[in-house]
1. Return the residue satisfying two criteria in turn: it lies in the range 174-202 and is out of contact with any strand residue (DSSP E or B) (no Cβ under 8 Å at 6 or more places or on another chain) and within 17 Å of T160 (Cα to Cα), and of such residues it is surrounded by the most Cβ atoms within 10 Å (Cβ to Cβ).
2. Of all residues in the range 15-50, how many are closer than 20 Å to I211 by Cα and in contact (Cβ under 8 Å) with a residue 60 or more places away in the chain?
3. Confirm whether T231 is modelled with pLDDT under 95 and of a type in the set (S, T, Y).
4. Picking from V96, V167, V78, V149, which residue would you name as being assigned to a loop (DSSP other than H, G, I, E, B), in contact (Cβ under 8 Å) with a residue 24 or more places away in the chain and hydrophobic (A, V, I, L, M, F, W, C)?
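The values are calculated or read from the model by the stated rules, or taken from the named source; none is laboratory data. Keep in mind that what you see is a predicted model, and the values were worked out from it rather than measured. Reconstructed Cβ throughout: ideal geometry from the backbone, glycine too, with neighbour counts over all protein chains shown.
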Amino acid sequence: MSQSDASVQTRERVAVEVSDHVAVVTLTRPEKHNALDVAMFEAITGAAERVAVEPGVRAVVLRGEGPSFCSGLDVAGVMANQPGSDALMAPLREAVPNWFQRTAHRWLEVPVPVIAAIHGHCLGGGLQIALAADVRFATADAKLSVLEVKWGLIPDMAITRTLPRLVRIDVAKELAFTGRVVSGAEAFELGLVTHVVDDPLAAARALADEIAGRSPDAVRGMKRLFDESWTGSPEETLRLEADIQLGLIGTPNQLEAVRAGMMKEPARFTDPG
């Protein structure tokens with residue numbers, strides 16, 4: 001895909017726009033603060049699956065349209081589509097990641113960096129989706145919460161694969177036990193978000209553009225390295241470092257990075273097939 005190529009696809013509840021090697025994924029249910037009903041779950045999962053294989057995508061920005069990023073589960077909407085506890089419990093019995101988990105877990109599986117732009121409400125399932133991003137920008141007054149205890153439930157959208165890498169276990173327990181709402185500023189202090197900024201979308205897009213200018217092979221390799229090695233043994237993680245590096249040295253994109261660096265000019269990388 002050339003730098004000038006752009007495509008737009010609109011799914012129910014979610015819009016995906018690809019331009020200059022960056023995919024911007026927008027939750028488009030602003031009148032409900034992008035709350036998660038059945039259609040929203042399906043659309044968010046579908047968007048993650050699309051950008052994971054979209055040719056030419058080197059970074060993803062995940063955002064919410066309107067007053068909030070995502071206010072969490074639309075309890076009434078889900079119950080209207082899935083009446084009865086048996087229907088709601090059936091997806092939990094699926095092979096993991098199950099239907100609920102996939103909406104967050106699919107973002108972990110995207111091979112390129114995912115950057116979340118958080119404003120307004122980022123609650124419950126909405127927070128768990130944001131936690132699956134690689135980097136999170138938030139406004140100081142954003143409202144974040146592990147909210148599920150309010151409904152007598154536990155957080156179950158892949159939070160065990162995200163929160164333990166960001167905060168201490170006592171912090172995670174307190175947030176989950178209480179469902180306490182924290183501001184973006186406090187979320188930064190706790191480690192839930194990466195940066196506090198006035199304009200998360202602009203900051204996320206700027207970072208995505210910067211990443212898109214780097215070798216896509218190296219960036220993908222680094223994401224894989226950290227994701228697979230964060231809690232591994234020394235033998236496993238050191239071997240993975242070496243294996244990924246061996247796969248990069250002398251490749252066209254690696255040599256182009258050297259050439260561009262030596263010539264002090266923008267690199268012309270080839271995207272993976």
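1. That would be A176.
2. The qualifying residues number 5.
3. When the stated conditions are applied, T231 passes them.
4. V167
A quick yes/no check of all residues on (1) under 28 Å from G232 (Cα atoms); (2) of a type in the set (A, V, I, L, M); (3) outside the structural domain of G221 (by TED's automatic domain parsing):
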{"site": "W99", "(1), (2), (3)": "yes, no, yes"}
{"site": "V112", "(1), (2), (3)": "yes, yes, yes"}
{"site": "L123", "(1), (2), (3)": "no, yes, yes"}
{"site": "V135", "(1), (2), (3)": "yes, yes, yes"}
{"site": "P164", "(1), (2), (3)": "yes, no, yes"}
